[in-house]
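S.K.: Just dropping this structure here.
Bear in mind that the values in this text are calculations on the coordinates, not laboratory data. As the structure is a prediction and not an experimental result, all values here were calculated from the model. Here the Cβ is made from the backbone with ideal geometry for all residues, glycine too, and neighbour counts use every protein chain on show.
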Amino acid sequence: MEEAGRVTHYFSKAGVAAVVLTKKLKVGDRIKIKGNTTDFEQIVESIEINHKKVDSALPGDLVGIKVKDRVRKKDIVYLL
């Protein structure tokens, strides 16, 4: 497992995590989000940059990722 980014914010109504990436991430990638009270895996189904859907994003990008469960600031996103 390698770290792909860190959660900076969670939008509960939309179910979206704001993540600053440290690795390239693309739709279809399998990720694990882990923190003190967070621990789940999922497939990346959508990525947005500035409210525009993209197929992939690069290190340094701030992206929105639809998540299936609640995440918290500083949770780590791992690429599986």
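S.K.: May I ask you to list the residues in the stretch 28-42 that are under 11 Å from the mean Cα position of the chain (by Cα) and in a loop (DSSP other than H, G, I, E, B)?
M.R.: Residue satisfying the conditions is Asp29 alone.
S.K.: Out of curiosity, is Thr8 outside any loop (DSSP other than H, G, I, E, B) and of a type in the set (S, T, N, Q)?
M.R.: Considered against the rule, which asks whether it is outside any loop (DSSP other than H, G, I, E, B) and of a type in the set (S, T, N, Q), Thr8 comes out as yes.
S.K.: May I ask you to verify whether Gly5 is closer than 10 Å to Val77 by Cβ, small (Gly, Ala, Ser) and either in contact (Cβ under 8 Å) with a residue 40 or more places away in the chain or touching a Gly at 6+ places or on another chain (Cβ under 6 Å) (or both)?
M.R.: Criteria met by Gly5.
S.K.: So, one more: Among residues belonging to the stretch 16-44 that are free of Cβ contacts under 8 Å to residues at least 40 places away in the same chain and β-branched (Val, Ile, Thr), point out the one that is nearest to Val71 (Cα to Cα).
M.R.: In this case the residue turns out to be Thr38.
S.K.: Still on this structure, I have one more. Just to be sure before I move on: is Lys23 assigned to a loop (DSSP other than H, G, I, E, B), basic (Lys, Arg) and within 16 Å of Leu79 (Cα to Cα) in the structure I sent?
M.R.: Numbers: assigned to a loop (DSSP other than H, G, I, E, B): yes; basic (Lys, Arg): yes; within 16 Å of Leu79 (Cα to Cα): yes.
For Lys23, the condition - assigned to a loop (DSSP other than H, G, I, E, B), basic (Lys, Arg) and within 16 Å of Leu79 (Cα to Cα) - is met.
S.K.: Among Lys53, Lys68, Lys74, which is in a strand (DSSP E or B) and of a type in the set (D, E, K, R)?
M.R.: Lys53
S.K.: Let me ask something else about it. Restricting to the stretch 49-68, and then to whatever is over 17 Å from Ile31 (Cα atoms) and not β-branched (Val, Ile, Thr), can you tell me which residue is surrounded by the fewest Cβ atoms within 10 Å (Cβ to Cβ)?
M.R.: His51
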